[in-house]
Amino acid sequence: MPVKMLRLAKTRLFGTAEHGGGDRAAHEALVLAFLRDTAAAAAGAANVRSVVVVSSDPTIATVLAGDGIEVLPDEPGQGLNEALRYGSDQLLRRDPGATVGALQADLPALKSLELTVAVEEAAGRRAFCADHQGTGTTLLIAAPGRVLDPRFGVGSAAAHAGSGAHPVSAPLASLRCDVDTTADLLDAVALGLGRHTAALVGASCPTGC
């Protein structure tokens with residue numbers, strides 16, 4: 001999971017009434033809550049062995065260490081895809097036969113079961129899950145022992161499909177619900193937020209989220 005410095009993340013959400021109306025500290029707290037809920041849901045997936053975050057933000061490193069999530073400094077410092085390649089390389093050095101996946105960190109409604117289903121559908125193939133708009137990518141999975149080859153950015157779903165990745169077809173609403181705008185956040189609220197995000201936006205967290 002790659003994460004920018006908190007002060008640079010989710011700029012389209014900054015200033016909305018849902019999280020402080022322009023308060024920088026409140027904005028960073030919300031971005032961190034997204035990450036913590038996403039990481040917790042990923043760690044709870046039945047077929048996920050470990051969750052690793054790539055970020056050089058010291059607050060992220062400190063908070064996630066308390067959550068039991070490993071954080072690697074973003075040594076390349078050259079953007080999303082380079083961070084993912086770096087993380088993938090580190091994991092494959094530890095276990096050359098591992099299946100490595102890239103999960104976006106802005107999925108505060110993510111349910112562990114839906115991530116489990118996506119990995120099962122990949123069935124050892126390189127695969128991706130498009131976002132709710134159908135243009136972006138929330139999850140990319142490499143074939144076992146293979147490099148990730150991430151192509152995130154504008155039109156990443158088409159880029160991943162064009163590179164031979166298998167599209168995950170299951171609905172998986174919570175896995176597809178990345179949050180970039182206030183409207184996206186309201187969609188996530190309707191799906192049921194993780195506890196950290198729910199605590200900040202005043203939404204209830206359903207049992208088992």
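Residues are listed down the side, and each one gets a yes or a no for (1) closer than 26 Å to L193 by Cα; (2) in a helix (DSSP H, G or I); (3) touching a Ser or Thr at 6+ places or on another chain (Cβ under 7 Å); (4) without any contact (Cβ under 8 Å) to a residue 12 or more places away in the chain:
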| site | (1), (2), (3), (4) |
| --- | --- |
| L84 | yes, yes, no, no |
| D89 | no, yes, no, no |
| L92 | no, yes, no, no |
| P96 | no, no, no, no |
| T99 | no, no, no, no |
| A105 | yes, no, yes, no |
| P108 | yes, no, yes, no |
| T116 | yes, yes, no, no |
| E120 | yes, yes, no, no |
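Look at A39 and say whether it is under 20 Å from G194 (Cβ atoms), in contact with an Asp or Glu (Cβ under 9 Å, 6 or more places away or on another chain), part of a loop (DSSP other than H, G, I, E, B) and hydrophobic (A, V, I, L, M, F, W, C). Against the criterion (under 20 Å from G194 (Cβ atoms), in contact with an Asp or Glu (Cβ under 9 Å, 6 or more places away or on another chain), part of a loop (DSSP other than H, G, I, E, B) and hydrophobic (A, V, I, L, M, F, W, C)), A39 does not qualify. Any residue at all in region 144-153 that is more than 16 Å from the chain's Cα centre (by Cα), surrounded by 15 or more Cβ atoms within 10 Å (Cβ to Cβ) and among the small types (G, A, S)? The answer is no; no qualifying residue exists. In region 125-201, counting only helices (runs of 4 or more DSSP H) that sit wholly within it, the ones holding 2 or more residues that are among the charged types (D, E, K, R) span 182-191.
Taking the numbered list (1) within 24 Å of S156 (Cβ to Cβ); (2) without any contact (Cβ under 8 Å) to a residue 24 or more places away in the chain in turn, F34 passes all entries but (2). Scanning region 155-183 for residues that are modelled with pLDDT under 95 and out of contact with any Ser or Thr (no Cβ under 6 Å at 6 or more places or on another chain) yields D180, T181, A183.
Yes/no per residue for (1) in contact with a strand residue (DSSP E or B) (Cβ under 6 Å, 6 or more places away or on another chain); (2) under 16 Å from L148 (Cα atoms); (3) polar (S, T, N, Q); (4) at pLDDT below 95:
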| site | (1), (2), (3), (4) |
| --- | --- |
| L72 | yes, no, no, no |
| G97 | no, yes, no, no |
| A105 | no, no, no, no |
| L110 | no, no, no, no |
| L113 | no, no, no, no |
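What number of residues within region 1-21 are part of a loop (DSSP other than H, G, I, E, B), loosely packed, with under 14 Cβ neighbours inside 10 Å and at pLDDT 60 or above? Qualifying residue count, region 1-21: 0. Of all residues in region 46-75, those being of a type in the set (G, A, S) and crowded, with 22+ Cβ neighbours inside 10 Å number 1.
D180 falls short on exactly one of the conditions (1) crowded, with 18+ Cβ neighbours inside 10 Å; (2) under 17 Å from M1 (Cβ atoms), and that condition is (1).
The values are calculated or read from the model by the stated rules, or taken from the named source; none is laboratory data. It should be emphasised that the depicted structure is a prediction, and the values quoted were computed from it without experimental measurement. Every residue, glycine among them, receives a Cβ derived from its backbone with ideal geometry; neighbour counts consider all protein chains shown.
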